[in-house]
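The values are calculated or read from the model by the stated rules, or taken from the named source; none is laboratory data. The shown structure was predicted, so the numbers you read here are calculated from the model rather than taken from an experiment. Cβ coordinates were reconstructed from backbone atoms using ideal geometry, including for glycine residues, and neighbour counts include every protein chain displayed. The accessibility values were calculated without ligands, DNA or RNA, using every heavy atom of the protein model including side chains. Shrake-Rupley method; radii C 1.70, N 1.55, O 1.52, S 1.80 Å.
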Amino acid sequence: MKCPSMPAIAIGMLLSATAVPAQVQPPPAPWRGAGPTPCVGTDGGVYKCPPAPHVIAVRAGRLFDSKTGQMLARRVVILSGDRITDVGPEGEIRIPAGAEVIDLRQATVLPGLIDAHTHMFNQRAATKSAEQSLLSAVQNAGADLRAGFTAARDMSSHGNGYGDIEIRNAINQGRLDGPRYQVSTLGIVWGAAPPVPGVAENPLASTVVRTADEARAAVREQVAHGADWIKLFPTGGYSFDAAGKAHYQLTYPFPILQALIDETHRLGKKAACHVLGGEGQKNSIVAGCDTIEHAYDLDQEQANMMVAKGLFYDPTLQRYTEPYMDDVDAKNTGGKYRMIPIFEKAVSMAAATKGLKIMVGSGADGSTYPHGAQALDFEMLVKHGGLSPARAIQSGTIVNAEVMGWQDQIGSIEKGKYADLVAVSGDPLADITELQRVGFVMKGGKVIRNDLAQAGSK
């Protein structure tokens, strides 16, 4: 196995927007330690090298074409190593002699699912050590992968500094099983109050900015550390007035928000904006934030503007229609007003807006939404958001791949793309909840779980 040099690995970490797993060099021959010659990690530790690539043929009873939204019958997928080398109808695709055959003829095969809004780190508590936080994050990443999410976008490290970069890199190096990650590290928040003299701000939490120069510097610093995305927070919380009208806290002044987004784009990265509504939501769209997250009261004018600007909408519908939302509203309004129906109406309007690209993002964060359960969002988008099952699956595959700039690598089952495949027993176009029962997961040609298939040789 020919591997790049260690300097190349360091460069590769900074350019991690590619989905290419980083490889490392074996130690100089002759190896005098235990077992066969191993590979070496970036920390100098040795580990067992992955097996040599081989040819696999997957027989699919049904195969979802995420580019057309159609379900195809009796397909064969050929892969070598981590890539798909051919795909087509059974009878037209020749299975190479000696290939391993995975029989999924009683199942539906789909592209690996993509969650566009995760938090692999749980919220960092004062009593939680860095080691405990890291173990939780590793567990969460593994749960996501086993649930069929072979790629994900992580939307801030929840007070854990640049720890998400370390996990992303370990996954890319093949040292840890997890989704192909893009990460947004600390996030950047607005400092409405001046700094307290003599009190340092937490370097592991979101970066606080108070001027345009500080805003641009924060973007540069996070990108230099390896951030793929910049997470912004243009709105704070919401409240209802006596007449039932919702009001949303504005954070960054518009020039600060524009400076943040412009600097992000200047550096070739993308920005994701956490917004709930109001002026901050509109500002995010006007300023050209690449993905609009949540947006409880998105209106038709804003949706049309997003289409014109080529922005994407990530509602995270399951996470923000959970019972605690009603509990908080009931406490604050005496049971008079609720945010959930406002939010569901906005998502349904977005679904009916021609040309608006809707994403699947869970917001799974170790509190009300456990990792590994994110397929619930497909059901929510179909049953409460107005999407068809086919469109919902496209949102969680090819649309999310486009958002991440990986549409040439993942998101559909095509020749040349990564062999990221999942399978379920039934037909998710007939019952979208099938995606909550993924029984087969393959990432980059490696079988992560196989509760459905019969494997063997031709």
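The table for this structure:
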| quantity | calculated |
| --- | --- |
| Cβ-based net charge around residue 437, under 13 Å, with every Lys or Arg adding one and every Asp or Glu removing one | -3 |
| Sites residue 67 and residue 308 - FRET efficiency at Förster radius 22 Å, r taken between beta-carbons, to 0.05 | 0.40 |
| Within the range 317-355, trypsin sites (Lys or Arg not before Pro) in DSSP loop having at most 13 other beta-carbon neighbours inside 10 Å | 336, 354 |
| Total formal charge among the other residues, if their Cβ is under 15 angstrom from that of residue 206, Lys/Arg +1 and Asp/Glu -1 | -4 |
| Charge sum, other residues only, whose C-beta stays under 14 Å from residue 311's C-beta, Lys/Arg counted +1 and Asp/Glu -1 | -1 |
| Length-normalised contact order for the range 261-301 - Cα pairs under 8 Å, 6+ apart - percent | 42 |
| Cross-link table 309/357; 128/443; 354/383; 415/446; 269/443, entries beyond 21 Å C-alpha to C-alpha | 128/443; 269/443 |
| Full-extension gain in nm, residue 348 to residue 431, via 0.36 nm per residue minus C-alpha separation | 27.9 nm |
| Rounded to the nearest 20 debye, dipole of the chain from Cβ charges on Lys, Arg, Asp, Glu | 980 |
| Interchain or long-range residues, amide H under 5 Å from residue 413's placed H | 66 |
| Separation of the residue 301 and residue 213 label points, Cα + 7 Å toward Cβ, nm | 3.6 |
| Under 5 Å, built H, 5+ apart or other chain: amide partners of residue 183 | 154, 228, 229 |
| Förster-model FRET efficiency, 35 Å R0, residue 202 and residue 332, C-beta, rounded to 0.05 | 0.80 |
| Angstrom value of the Kirkwood radius, inverse mean 1/r, which spans all Cα pairs in the range 132-198 | 13.1 |
| Spherically averaged projected area of the chain from its Cα convex hull (nm²) | 24.2 |
| Whole-number percent relative contact order across the range 387-451, with pairs defined as alpha carbons under 8 Å at least 6 apart | 24 |
| Fraction of accessible area attributable to carbon and sulfur, the chain (%, probe 1.4 Å) | 55 |
| Under-5 Å amide H pairs with residue 72, H placed in peptide plane, nonlocal only | 63, 64, 65 |
| Cα gyration tensor, the range 376-445 - rounded (a/c under 1.5), prolate or oblate | oblate |
